[in-house]
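The values are calculated or read from the model by the stated rules, or taken from the named source; none is laboratory data. Since the model is a prediction, treat every value here as computed from it, not as a measurement. Every residue, glycine among them, receives a Cβ derived from its backbone with ideal geometry; neighbour counts consider all protein chains shown. For accessibility, only protein heavy atoms count, side chains too; no ligands or nucleic acids. Shrake-Rupley method; radii C 1.70, N 1.55, O 1.52, S 1.80 Å.
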Amino acid sequence: MHERFNIRLRALRVSVPSVFPCASPESAFGGRGMSEILNELAAVLEDRKGADPDSSYVASLYAKGLDAILKKIGEEATETVMAAKDGASEKIVYEVADLWFHTLVLLAHAGLGPDAVLAELQRRFGLSGLEEKAQRRES
């Protein structure tokens, strides 16, 4: 069983299995918080919008358009499911990282960033899944 630690994601606390070879979440993220890392990555992804598609994988995805980005997300989601079925923690983390990365590409393509998703998670915090689904039906 993996050691567990808590990561503070704004006001949202989540318990995450420790797969990092270090003692704390802060050292795992180089002293930076998770949202800070996501925002740094979002800035790089935004910058790649102006890059030559021959010089950048992300720029090539943007150049191919939404369908190419969505195809990659579908591939990465499938690989994540397969890794979970295999039960190997390292594979799960690797594939989830790929999935997160490609969903961040989608967010940037749509003019959004990780803060929009974090705000939505914050909004849902404290709601039961049943309450959250009922609110969606009402609107």
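Here are some notes:
- Selection status of I37, modelled with pLDDT of 95 or more, part of a helix (DSSP H, G or I) and surrounded by 12 or more Cβ atoms within 10 Å (Cβ to Cβ): no
- Filter result (surrounded by 16 or more Cβ atoms within 10 Å (Cβ to Cβ) and more than 17 Å from the chain's Cα centre (by Cα)) within region 62-93: Y62
- Residues in region 80-126 that are farther than 17 Å from V58 by Cα, at pLDDT 95 or above and touching an Asp or Glu at 6+ places or on another chain (Cβ under 6 Å): T80, A83, E95.
- Here E46 meets the list (1) closer than 23 Å to M34 by Cα; (2) touching a helix residue (DSSP H, G or I) at 6+ places or on another chain (Cβ under 7 Å); (3) open to solvent by less than 80 Å² (accessible area, probe 1.4 Å); (4) not aromatic (F, W, Y) almost entirely, failing just condition (3).
- At least 3 residues being without any contact (Cβ under 8 Å) to a residue 24 or more places away in the chain and under 14 Å from L38 (Cβ atoms) is the threshold, and among the helices (runs of 4 or more DSSP H) wholly inside region 64-130 those reaching it are 89-109, 114-124.
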